[in-house]
Ligand code: TYD
């Protein structure tokens, strides 16, 4: 199962991603936590290029898009796909919705290009669940106040209001996948809401897999919990191929 966290800088998603990973691990579930851009040697190098505050000449919008995509392509091939294949839960701090929100709505690059580039980078992989942590822009800016902005974070308020608009329109388009969470609630309350939903989905996944496999092979023994995630992933890959 692939779970992603999204939202503007300073919304608190990285802390929530970590809390969820810790909770699942406590339950004995293998959980891989990665951030974007990053998570592999190559992707971390691309991250440095992308987020370093000072460049001799500005990075063009299309070069920025392709660099984020390059970091993602490597992360998917090297870490995410192998983890999903061995039934781990993968939690990704930012994924393809960030590119739509930041490079699409923020920079104004055509969404059709972004979708093609994302498809190439991910091989069509789409998260099972996305949590969009929603906080007012002012609060996010206030939380980041003492942290020192990187290249993306030093963008204008107008840029970030477009990013927020992008996230909200994605949430409207994909209500089954994207769950908008009120980021002004306490850390504990947010964590509780998120973990309940994930545990519910993990339970469903398991029931679904048991049903499928037992129907297909009526004499088969009950399936161990971990097989369910393999089924979820391979069926999605099949669906995408058709
Ligand atoms: P990071 O320090 O990880 O920010 P945060 O902790 O808020 O996630 O920096 C990632 C920055 O890169 C962030 O400003 C969002 C931006 N970004 C994009 O513009 N496009 C993308 O596809 C991704 C993954 C991130």
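The values are calculated or read from the model by the stated rules, or taken from the named source; none is laboratory data. Predicted model, so just to flag it, every value in this text is computed and none were measured. Backbone-built Cβ (ideal geometry, glycine too); neighbour counts: all protein chains shown.
Which residue pairs have Cβ atoms closer than 8 Å, lie 6 or more positions apart in sequence or on different chains, and pair a first residue in the range 3-23 that is at positive phi with a second residue that is within 9 Å of the ligand (Cβ to nearest atom) and modelled with pLDDT of 95 or more?
Once the first residue is at positive phi and sits in the range 3-23, its partners that are within 9 Å of the ligand (Cβ to nearest atom) and modelled with pLDDT of 95 or more give 7/13.
In the range 31-50, which residue that is part of a loop (DSSP other than H, G, I, E, B) and within 11 Å of the ligand (Cβ to nearest atom) is nearest to residue 95 (Cα to Cα)?
Filtering the range 31-50 for residues part of a loop (DSSP other than H, G, I, E, B) gives 36-40.
Restricting the remaining residues to those that are within 11 Å of the ligand (Cβ to nearest atom) gives 36-39.
On the way: 36: 6, 37: 8, 38: 11, 39: 12 Å.
Selected residue: 36.
Would the range 12-24 turn up any residue that is within 15 Å of the ligand (Cβ to nearest atom), closer than 28 Å to residue 165 by Cβ, at pLDDT below 95 and surrounded by 16 or more Cβ atoms within 10 Å (Cβ to Cβ)?
yes
From the residues in the range 89-116 that are buried (at least 19 other Cβ atoms within 10 Å of the Cβ) and more than 10 Å from the ligand (Cβ to nearest atom), which one is farthest from residue 198 (Cα to Cα)?
Taking the candidates together, the pick is 109.
State all residues of the range 51-65 that are surrounded by fewer than 19 Cβ atoms within 10 Å (Cβ to Cβ) and within 15 Å of the ligand (Cβ to nearest atom); if no residue qualifies, say none.
Taking the range 51-65 and keeping what is surrounded by fewer than 19 Cβ atoms within 10 Å (Cβ to Cβ), we get 51-63.
51, 52, 53, 55, 58, 59, 60, 61, 62, 63, listed by residue number.
Need the failing condition index for residue 41 against (1) under 26 Å from residue 111 (Cα atoms); (2) without any contact (Cβ under 8 Å) to a residue 40 or more places away in the chain, just the number.
Just one mismatch for residue 41, condition (1).
So, in the range 138-195, how many residues would count as being within 14 Å of residue 107 (Cα to Cα), out of contact with any strand residue (DSSP E or B) (no Cβ under 6 Å at 6 or more places or on another chain) and part of a helix (DSSP H, G or I)? Give the steps one after another, and end with the answer.
Filtering the range 138-195 down to residues within 14 Å of residue 107 (Cα to Cα) leaves 151-167.
Subsequent filtering for residues that are out of contact with any strand residue (DSSP E or B) (no Cβ under 6 Å at 6 or more places or on another chain) retains 151-166.
Remaining after also requiring part of a helix (DSSP H, G or I): 157-166.
Total meeting the criteria: 10.
Tell me which residues, restricted to the range 1-15, are touching a helix residue (DSSP H, G or I) at 6+ places or on another chain (Cβ under 6 Å) and either in a helix (DSSP H, G or I) or within 12 Å of residue 132 (Cβ to Cβ) (or both).
Across the range 1-15, the qualifying residues are 5, 6, 7, 8, 11.
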